[in-house]
Amino acid sequence: MMQHLWLYLHFPNLQLDALLQQNPESNIHTQAYVILDERTNQVCQLNHAAYQSGIRLSMGLGTAAMLNGDLQVIPYQREITQNRLSDIAQSLYLVTSDICFFNDNSLLLRVHNMLTLYGNLHAYWQVVQHQLSQQEVVFHYATGHSPLGAKLLANTAWDQITDNPNEIQKTIAGSALQDTDLTPKAVEKLQRVGIYTIQDLLKVPLADIAKRFDMEVATYIGKLTAQIPHPVQFFHPKKSFDRFIELLYDIENVQVLQAPLKQLLQGLEEFLKTRDLLTQTLVFILSQRDEKSIELNIHSQQGEYLAQSWAVLISLKLENIVLSAPVFAIRLIAKNTYIRTPEKNDLFAGKQGKLSRLQLISLLQAKLGEEAVFTPTLTNDYRPEQVIQSSIRPAKPIQTFQLYPLRPSFLLPSPQRLHEKVSIAYGPERIETGWWDPKPIIRDYFMARNQLGQWYWVFKTPQGDWYLHGVFS
């Protein structure tokens, strides 16, 4: 029977990493930054510059500010960390199947069932490591034969990948109790009787631990050594794209917004491309400081996945937006997706334009607004005034019906009395229809030519009146 093997990934600076990725030209690398948990008033994330200043995790804000006078403090936002962790899990799901959210900043991967696919642990880790390198995040990792064992080693930055049970057990045994998930009260109680490491605790039989100490200690040791099963709930990828980013600084200029928007679109492209999907509608929510959020709906009639194509549409849309307050966060939602089908091009169609008909409609709607763009359509009606109509939405194909070819390129808004002499060249063509509504017509249409050589489309009524209805080009 194959021994269980787990890989634990710990991401200590997810919010800082997200801010750095969204603002690559910022001073996060050089200036001291910390993420502050406002509930406890303690530092929960910090960058290298802050660490060099002597600041440490769980340090109070007052002490940290004394160590660095130029310290930049950002409140901890759980939503940002969760969204970033979800993005990483979505990326890893492409190469490994069983992923579990172990807490707000860590992932647990079940490894043993993937080794048959990849051949060995080294090959599997190379693929996982490649996916993580694309995420641009700081992480620590370790393997273990139980979820808690892998977690303990990763949280102490062991950063080793191995399936050697002796090596794993030896490292776990040497770990201090302070590095475990035991409460400070339980650790203090164990230290009073001379137990300082996992090795000291393992010398005591599990039954005796349950009798002499809290049940919490016995349960933890049982799960750590895989004597007690550790149930986990595996992650299932989202079917829709929903991403939120907080900006490092407020943005008042609409044009400056295009940089973070482009980053969101890159994430969308990766999401859709790996799943071979398209989407026709994007929703951008711009969160304004002390003002109501702005919601932008961007439509692509053809359906797109490329970030560049969406960037053009959002750029046109932003030209009509006026910010009433600085923007501090952006959210992108793409709920409705569908399977992408290959484009079918005619081999003998010749050189075509760069834009398809639907792409052109999308550009015009983004620039002018959806209500300003109309599409001419044909209806099953032989009355010249009724055969051509317009709609805001692109028309669906209608059933074909016979249209007579002798029609002018230009129709007058309404027929006008014919006052000049013309010579009849072709006709008559009787149009008698519309009896089912209030606009019936009985007309005999002719092609005629005036004295200047212009070709007219004229008709005669049953009363003998002549009208000009159109001009041929």
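The values are calculated or read from the model by the stated rules, or taken from the named source; none is laboratory data. It should be emphasised that the depicted structure is a prediction, and the values quoted were computed from it without experimental measurement. Ideal geometry is used to build each Cβ from the backbone, glycine not excepted, and the neighbour counts take in all protein chains shown.
Among the residues of segment 39-53, what is the count of those that are over 29 Å from the mean Cα position of the chain (by Cα), in a loop (DSSP other than H, G, I, E, B) and surrounded by 13 or more Cβ atoms within 10 Å (Cβ to Cβ)?
Residues flagged as over 29 Å from the mean Cα position of the chain (by Cα), in a loop (DSSP other than H, G, I, E, B) and surrounded by 13 or more Cβ atoms within 10 Å (Cβ to Cβ) within segment 39-53 amount to 1.
Of the conditions (1) surrounded by 17 or more Cβ atoms within 10 Å (Cβ to Cβ); (2) touching a Ser or Thr at 6+ places or on another chain (Cβ under 8 Å); (3) not aromatic (Phe, Trp, Tyr), Asn297 satisfies every one except a single condition; which number is it?
Status for Asn297: all satisfied but (1).
Show the residue pairs that are 6+ apart or on different chains and have beta-carbon atoms under 7 Å apart, the first residue being within segment 302-315 and under 15 Å from Leu358 (Cα atoms), the second being basic (Lys, Arg) and surrounded by fewer than 19 Cβ atoms within 10 Å (Cβ to Cβ).
Pairs found: Tyr305/Lys273; Tyr305/Arg340.
May I ask you to list the residues in segment 205-251 that are in a loop (DSSP other than H, G, I, E, B), in contact with a strand residue (DSSP E or B) (Cβ under 8 Å, 6 or more places away or on another chain) and surrounded by fewer than 16 Cβ atoms within 10 Å (Cβ to Cβ)?
Passing the criteria: Val232, Gln233, Phe234, Lys239, Ser240.
When only residues in segment 415-429 that are at pLDDT 90 or above and closer than 16 Å to Pro384 by Cβ count, which is nearest to the chain's Cα centre (by Cα)?
Of everything passing the filter in segment 415-429, Pro415 is nearest to the chain's Cα centre (by Cα).
Tally time: how many residues in segment 445-465 are surrounded by fewer than 16 Cβ atoms within 10 Å (Cβ to Cβ) and of a type outside the set (S, T, N, Q)?
Summing the residues that are surrounded by fewer than 16 Cβ atoms within 10 Å (Cβ to Cβ) and of a type outside the set (S, T, N, Q) in segment 445-465 gives 6.
I'd like to know if segment 398-410 contains one or more residues that are surrounded by fewer than 11 Cβ atoms within 10 Å (Cβ to Cβ), at pLDDT 70 or above and either in contact with a strand residue (DSSP E or B) (Cβ under 9 Å, 6 or more places away or on another chain) or within 15 Å of Gly470 (Cα to Cα) (or both).
The answer is yes; a qualifying residue exists.
Filter the helices (runs of 4 or more DSSP H) completely within segment 71-174 down to those with at least 3 residues that are out of contact with any strand residue (DSSP E or B) (no Cβ under 8 Å at 6 or more places or on another chain).
78-92, 115-118, 121-133, 165-173
So in segment 114-131, with the set limited to residues that are aliphatic (A, V, I, L, M) and farther than 17 Å from Gln3 by Cα, which one is surrounded by the most Cβ atoms within 10 Å (Cβ to Cβ)?
Result: Val128.
Can you find a residue in segment 329-341 that is basic (Lys, Arg), part of a loop (DSSP other than H, G, I, E, B) and at pLDDT 90 or above?
no
His419 passes all but one of (1) under 23 Å from Asp381 (Cα atoms); (2) without any contact (Cβ under 8 Å) to a residue 24 or more places away in the chain; (3) not hydrophobic (A, V, I, L, M, F, W, C); which number fails?
(1)
So which of Lys203, Lys211, Lys223 is in contact (Cβ under 8 Å) with a residue 40 or more places away in the chain and among the basic types (Lys, Arg)?
Being in contact (Cβ under 8 Å) with a residue 40 or more places away in the chain and among the basic types (Lys, Arg) holds for just one of Lys203, Lys211, Lys223, which is Lys223.
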